[in-house]
1. Which three extents, in whole angstrom, do the alpha-carbon atoms of segment B:156-290 cover along their principal axes, largest first?
2. How would you order B:389-400, B:432-443 from highest to lowest mean count of nearby Cβ atoms within 10 Å?
3. Students often check this: by mean Cβ neighbours within 10 Å, which of B:332-343, A:130-141 ranks highest, and how do the rest follow?
4. Taking every DSSP beta bridge that has both residues in the protein assembly as shown, what percent is antiparallel when rounded to the nearest 5?
5. Which of the three applies to segment B:415-483, rounded, prolate or oblate, going by the alpha-carbon gyration tensor with a ≥ b ≥ c and a/c under 1.5 meaning rounded?
6. Could you bin all the Cα-Cα distances of segment B:170-223 into 5 Å bins starting at 0 and give me the percent of pairs in each, rounded to whole numbers?
7. Taking the number of other C-beta atoms within 10 Å as the exposure measure, put A:218, A:453 in order starting with the fewest.
8. Kindly put A:148, B:370 in sequence by how many other C-beta atoms sit within 10 Å of each C-beta, fewest to most.
2 protein chains.
Amino acid sequence: MQDFKTATSRRDLIRGGAMLASGAMLMRPTTVLAADSNMAAIRKAAEAGRDASLKRIRDWIALPSIAAENRSMKEGAEYMAELARDAGFQHVEIVPTDGHPGVFATLDAGAKRTLGIYFMYDVKQYDPAEWSSPPLESRMVDKPGLGKAIVGRGAVNQKGPEATFLAALHAIRAAGRKLPVNIVLICEGEEEIGSPHFKQVATKPNVLAALRKCEGIFIPASWQDGQGNVQVNLGSKGIIELELVASGEKWGKGPKGDIHSSLKAMVDSPSWRLVQALQTLVTPDGNTPAIEGWFENVRPLTEREKALIGEIAKSADEAQQKKLLGVTHWIDGLPYDKALERLAQEPTVNIEGLVAGYTGPGGKTVLPGKAVAKLDLRLVPNQTRAEAERKLRAHLDKHGFADVEVNVSGGYDPTEVSEDSRLIKTMLATYAHAGVKATLNPRIAGSWPGATFTAPPVSIPAGHFGMGHGSGAHAPDEYYLIESSNPKVAGLVEATMGYADFLYQLAAIK
Amino acid sequence: MQDFKTATSRRDLIRGGAMLASGAMLMRPTTVLAADSNMAAIRKAAEAGRDASLKRIRDWIALPSIAAENRSMKEGAEYMAELARDAGFQHVEIVPTDGHPGVFATLDAGAKRTLGIYFMYDVKQYDPAEWSSPPLESRMVDKPGLGKAIVGRGAVNQKGPEATFLAALHAIRAAGRKLPVNIVLICEGEEEIGSPHFKQVATKPNVLAALRKCEGIFIPASWQDGQGNVQVNLGSKGIIELELVASGEKWGKGPKGDIHSSLKAMVDSPSWRLVQALQTLVTPDGNTPAIEGWFENVRPLTEREKALIGEIAKSADEAQQKKLLGVTHWIDGLPYDKALERLAQEPTVNIEGLVAGYTGPGGKTVLPGKAVAKLDLRLVPNQTRAEAERKLRAHLDKHGFADVEVNVSGGYDPTEVSEDSRLIKTMLATYAHAGVKATLNPRIAGSWPGATFTAPPVSIPAGHFGMGHGSGAHAPDEYYLIESSNPKVAGLVEATMGYADFLYQLAAIK
């Protein structure tokens, strides 16, 4: 979810135009939810436990585990385990990996159905100098139009929503209710570095066995936008991130290091080699992958998927979307509905960055020994990461660029979740019960490690769920809404109730 | 000479292989030069003035004028004027420009012939933390195999050689001799930023009139390599340095700023646009410019020029050259003589640097709003900078890249100097007189602002001359040799005598 997180920081922006601009239902008043006697008791407990829940989030934020800096990783895993025990999980274990440890926990309620929950206990790096309040102090601030929010690293990504899910378990227990479903909790500490060892956690035999019993799995997410709307996603693109490197060292032509640029007249240039290799990867407009066999396993969008996108397009504010993105035209001048179809349908080869030679202000007369393109390649069903890596390498070799290195730093397979799965049906039912307008999106163009769950050997539905609101993942002044001033957007207690209701809905759904 | 300086820091390396590996004549013993009575008296004065000469260099180094930092520019021009007055120039004026001022001075000896001298009073930026001794203190250090050298910013580029030339004027005066030629001195303070206003100095009417009377002009340079050999260059390539910029802003497609990379499926990419524009500029191997009409005015090498290059190639150590450069093959697998011909003959389009989007470690899922290629394009006679700029723009426009910006930061026309000019004949005679092995190079692939002199309206021969040795231009621990332990390499006094002898040779040559 490394990439997904980057995407979430722009989620409002991306979804803003794609959501129904008007007509979103109001959150139902408390009395409606209270019609259910369990819910009334649990709400009372959630309200009573509100200060403890807030303290739980703040204490967690005060202990930042940052995998990229190898900071407080052991402590983070132990803290995560303790949070699980406190919330009532009977079996809690720290799962070592070749990297940082994961945490696995089960809460057996003797129920018929089991829900999987995915947590990350790590957070993104931060620079306190860029923040308006100390990033580990979770200070409460006023957000005009939204309410009171805490500001801290991990507030929305992902400790706030995760601790809110735990608050639901605490509230159900405090209300004297038995959980309506069993819970399997799987946590990692390397989400922010691309989940390189997460599969080791998920495929540990007892973890795998537990996951396979789940109806599905979700990561708690503060999924409401500023108008209270949510999107329920039926899948996500996959991705490989890589560096394409042309160097004199590997090529056997050109210099090994940077030399004086006047020598270009007698020495080959790895930078030009990179340019030549790059331009074989896409069509001349840069918009369609031209890697051999790239579309072999691409599944076209179904009519149903196109219809869902059409609905999104119809209710969207295209002009606002363009303004927010700073673009005046979509690819090929497409109308918005076709652009959104393209967004969902097409695999991409994107240049994230170019780095060669002198990169400072002005110029410097060097012939660089190495040139690098940082690429991300988005994949759609039924492409796989392994297939993409293999085909990219074969393409370069076939076009005479065997020396051009492909250094893959990470990636995920695409994911798909059936609209008919109990996981998705329960999400829709829970949002409807809360009066939250939910839009089905057949596929987000961002990527997350959900394929760890949706692909063999786990093979269960996976997605994101949660009410509440926050923003600023990966950015300074990340926040999570605690007291909402907008009745359409859930604060801490309402979001807690959303998770509690999800459990009951899952137990009851057909 | 911005680029020439960068080149000088690699001069030994570039020339090393192209020089006669053995057979260089020994510097003649003192007694040979002393045969000339003028020279004997001047040598005595030069030896007596040695400490004052050294102090002159050190004091000058202690006042760094850095145009890029607008540091001590006024003081630098005034100091330069004072140095000229001290050396006997009767007319000295500071010449204002739209940038930093130049200095113009004349020394009328009532002689028949006049020599032009080009100085720069500015130096390159430096970071004292990278130096082994303070860069303004000119500390004397032992250089094994060379002797005693001062270490300081500007030591070799260019204050050391320039002050050594002034030392020759001091010595001649101290010896009671009249200068055998008149001197016209023209100085600039913006050499390190590409001489943007130097033409304003050179074409000021009284300056222009004075320059046009000169037999030729040179910049004093410590031109001997570690073995005492020198190269006499009959020209240099021109250059334009520029940034090629593709941006959503100008294109009207793609984003104005960086957006999330998942949007690549519906938004065009300025980075891909840059790649496509770039690859039209060269042949697929990256080695020959493919810009429309680029070779229209290219003059092929003459048979004489090829013969001179053949001589260089024959006496060179190709294996060592390759090792020093870190290359295993020349372009097209050419043999060394043909590679050196290509070096002199071919215009180039070189990528100095590529910069787009995320350039740090790892990746970041952005679609950059802008992508930049830093290019230098070397020009050969009879291409001109103005022609090159015009043709590059026209080429991009014709290929549909009218939105791709060409931001030229600087450049020089190519230069040519006739082997038969008194300037070159005097250089060769002076080197021969000193027993220094000199090799004629028809064209260096580096560039310098000599076209200010060789092109209209000045139209006089221009080049580099000087004995002595130093290295580290633009680098930390830049040094200039004061006491040579190698009889083949000139120290401060021998280099002073080289300049003095040049004046007498110029007065006498046919």
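Just so you know, all these numbers are worked out from the coordinates, no wet-lab data involved. Everything numeric in this text was worked out from a predicted model, so none of it was measured. So basically every Cβ, Gly included, is an ideal-geometry build from the backbone, and we count neighbours across all protein chains shown.
1. Principal axes ranked by extent give 82, 41, 27 Å for the Cα atoms.
2. Numbers: B:389-400: 16.2, B:432-443: 20.3.
By packing density, highest mean first, the sequence is B:432-443, B:389-400.
3. On the way: B:332-343: 18.8, A:130-141: 16.0.
Top of the packing list down: B:332-343, A:130-141.
4. Details: 111 of 149 bridges.
That works out to approximately 75 percent antiparallel.
5. Values: a/c = 2.36, a/b = 1.27, b/c = 1.85.
Oblate shape, in that a/c is at least 1.5 and b/c is the bigger or equal ratio.
6. Percent of pairs per bin, in order: 4, 15, 19, 21, 18, 13, 8, 2, 0.
7. On the way: A:218 26, A:453 23.
Placing the least packed residue first, the sequence is A:453, A:218.
8. Values: A:148 16, B:370 23.
Ordered by Cβ neighbours within 10 Å, fewest first: A:148, B:370.
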